[in-house]
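Here the structure comes first, spelled out in structure tokens, and everything after it is commentary.
The values are calculated or read from the model by the stated rules, or taken from the named source; none is laboratory data. No experiment lies behind these values; they were computed from the predicted model shown. Counting neighbours? That spans all protein chains shown, and the Cβs are built from the backbone with ideal geometry, glycine included.
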Amino acid sequence: MRNRVPVFICGFVGIFMILKYFSTYSPFAKIAEELEQWGMVTLSFAIVLGVLNLIKINLKAVMERKKDWGYKLLLLVSMFTMMIAGGVKWYREEMAGRATGGLPVAIHDSLFDFMFDHVYFPLSATIFALLAFFVASAAFRAFRAKNVHATLLLVAAVIVMIGRVPIGGAIWKGFPWLQEWIMTWPNTAGQRAIQIGAAIGMIATGLRVIFGVEKPYLKG
Amino acid sequence: MNGSQQDISTGWERWLERFVALDRRWIFLVLGSVVVLFLVVPVSMPVTVSEQVRAMYETIEALPPGARVHLSIDYGPGSEAELWPQHIAILRQLLEKDCKVICSSLWTDGPPMIEKAFTVVVGQLEREGKKKVRGVDYVNLGFKAGDRVAIAKIGSSFKGAFPTDYQGNPTANLPIMQGWDTYRDIDLLITIAVGDPGAVEYIQQAQSRYGMRMVAGVTAVISPQLYPYYQSRNLLGFVGGLAGAAEYEKLVGRPGYATRGMFIQSAVHILIVGLVLAGNAAQFWLWWLRRRKGARV
């Protein structure tokens, strides 16, 4: 019974989602739309569950003074500060909106905005910017013409890298055209082959899950 | 081979071995120096507009005043350097054309990006004497969890997917939301996206189902995935990365952040290509030296 109910729910939902897409019969669409709403509510609960799990694990580590407990404490303090600041901002905006008779009012002088702009924003951008350094280092090590395939990859990468930026056209007028040709033809053909393959795999896996042949959601 | 020739050969070999296995911190240092140098000394570069960027610009330009546009902002501060310039250019073009801009996000850190862009663009237009009213001309519907499911739900009912806007006001009462509710009522879908969920998911879940017109702005790493959809006309145009944004800035006639970044990006690309070619030359030379040495022994 414990296994049959989830398999039944999964099959029921899956079939209605397919029927909504391929059938014009309106009750199918209505049921599928209701199920979509349930799906979104469930996923929103998953976020709450994730937050609760984060609190539980990190709070335990802080209480027991485990390794790096200071960072975990910082994480909890940051999370609660942002949650409270976000709640206060939301409340202020809602009250201001009611005062204008329902038109939304955005408040930009809140603690939430300050922390988003001056803490989260630069930290996030810095982490992402580090990628450029790792990409440069990885390209130097990985792009070696060791065989025919690697040489083809190397030549295509060099043409696309130079042709994609304005200096490519300044060096030789053919670079942007060559870059565009690689992206439009060989790249599109490759992408399409990958996407069709992945789509067929997805259909097969979807049908196996809907009909209960595979039950990945019962694991873990 | 006499002694001195062998010494020179071994010297080269040692030097080349060291270069092939160059400590990555040297690469970081050179790359950082190049970026800082060209940030301090800006150089302008001529920008050539590609076909897909022009197609996106023309699709937006063809919109009549009052057209409803769903602008999905699916990125956070991490991708700001690449996506912010196109976000600003596109939003300004839409508001200048008096389109009704309905913004939402599938990324948790997307709504503050929407707010920041509104603050910048609405502020610019206000200074130029064009007043835009929140809730009438534009709206931020906020974040929606659920990735593909959320896209499907948004398509069938905006008000159902977003009962309130980002500021907590009931969407059913907002003037901009009156008289329509689904993707069938939307004139154009635009997503500015960094990954999954993003442009590909919108094409699969919304565009292919409702058949509305769609364009996208994405990071350079995502743009190769969009070429098949552009060829099949699911996507009427797209902007890829900072280079695409610079092309877009040229088309709207307001060179900005992306145009200024083009020389830095050009210099970094040339540096990486130079490093790759030098690495290969060193590897080949090393192989040739060892082969010659092996043949003589």
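Given the criterion within 14 Å of the chain's Cα centre (by Cα), within 12 Å of chain A (Cβ to nearest Cβ) and of a type in the set (D, E, K, R), identify the matching residue among B:Glu82, B:Glu51, B:Glu115.
Details: B:Glu51 fails: within 14 Å of the chain's Cα centre (by Cα); B:Glu115 fails: within 14 Å of the chain's Cα centre (by Cα).
Residue meeting the stated conditions: B:Glu82.
Does B:Arg184 qualify as being without any contact (Cβ under 8 Å) to a residue 60 or more places away in the chain and either part of a loop (DSSP other than H, G, I, E, B) or not hydroxyl-bearing (Ser, Thr, Tyr) (or both)? Here the answer is yes, as B:Arg184 does meet what is asked.
Results for (1) surrounded by 14 or more Cβ atoms within 10 Å (Cβ to Cβ); (2) part of a helix (DSSP H, G or I); (3) modelled with pLDDT of 95 or more, shown as yes or no for each residue.
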site	(1), (2), (3)
A:Trp38	no, yes, no
A:Val48	no, yes, no
A:Ile55	yes, yes, yes
A:Leu59	no, yes, yes
A:Lys72	yes, yes, yes
A:Val77	no, yes, yes
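Taken over the range B:146-156, the criterion of being under 19 Å from B:Asp74 (Cα atoms), within 9 Å of chain A (Cβ to nearest Cβ) and of a type in the set (Gly, Ala, Ser) is satisfied by B:Gly146, B:Ala150, B:Ala152.
Do we find that A:Lys66 is more than 13 Å from chain B (Cβ to nearest Cβ), among the basic types (Lys, Arg), over 24 Å from the mean Cα position of the chain (by Cα) and over 28 Å from B:Asp137 (Cα atoms) in this structure? The answer is yes for A:Lys66.
On inspection, B:Gly129 passes the criterion of being more than 10 Å from every other protein chain (Cβ to nearest Cβ), assigned to a loop (DSSP other than H, G, I, E, B) and farther than 29 Å from A:Met17 by Cβ. Scanning the range A:13-36 for residues that are surrounded by 12 or more Cβ atoms within 10 Å (Cβ to Cβ) and either at positive phi or aromatic (Phe, Trp, Tyr) (or both), we see that the one that is nearest to the chain's Cα centre (by Cα) is A:Tyr21. Among the conditions (1) within 9 Å of chain B (Cβ to nearest Cβ); (2) touching a Ser or Thr at 6+ places or on another chain (Cβ under 9 Å), the only one that A:Val119 does not satisfy is (1). Against the definition (farther than 22 Å from B:Gly256 by Cα, among the hydroxyl-bearing types (Ser, Thr, Tyr) and in a loop (DSSP other than H, G, I, E, B)), how does B:Thr48 come out, yes or no? Criteria not met by B:Thr48. When B:Gly110 is tested against (1) surrounded by fewer than 23 Cβ atoms within 10 Å (Cβ to Cβ); (2) more than 8 Å from chain A (Cβ to nearest Cβ); (3) of a type in the set (Gly, Ala, Ser), exactly one condition is not met: (1).
Within the range A:128-139, residues that are closer than 14 Å to B:Pro77 by Cβ sit with their Cβ atoms under 6 Å from residues that are modelled with pLDDT of 90 or more, at 6+ positions apart or across chains, in these pairs: A:Phe128/B:Gly78. When the range B:248-297 is limited to residues that are closer than 22 Å to B:Val34 by Cα and of a type in the set (Phe, Trp, Tyr), the one that is farthest from the other protein chains (Cβ to nearest Cβ) turns out to be B:Tyr257. Mind telling me which of the residues B:Leu271, B:Leu226, B:Leu242 ends up being in a helix (DSSP H, G or I), within 25 Å of A:Ala138 (Cβ to Cβ), in contact with a Gly (Cβ under 6 Å, 6 or more places away or on another chain) and not assigned by TED's automatic domain parsing to the domain that holds B:Gly32? Exactly one of B:Leu271, B:Leu226, B:Leu242 is in a helix (DSSP H, G or I), within 25 Å of A:Ala138 (Cβ to Cβ), in contact with a Gly (Cβ under 6 Å, 6 or more places away or on another chain) and not assigned by TED's automatic domain parsing to the domain that holds B:Gly32, namely B:Leu242. Checked against (1) more than 20 Å from the chain's Cα centre (by Cα); (2) farther than 24 Å from B:Ala150 by Cα; (3) surrounded by fewer than 21 Cβ atoms within 10 Å (Cβ to Cβ), B:Ile27 passes all but condition (3).
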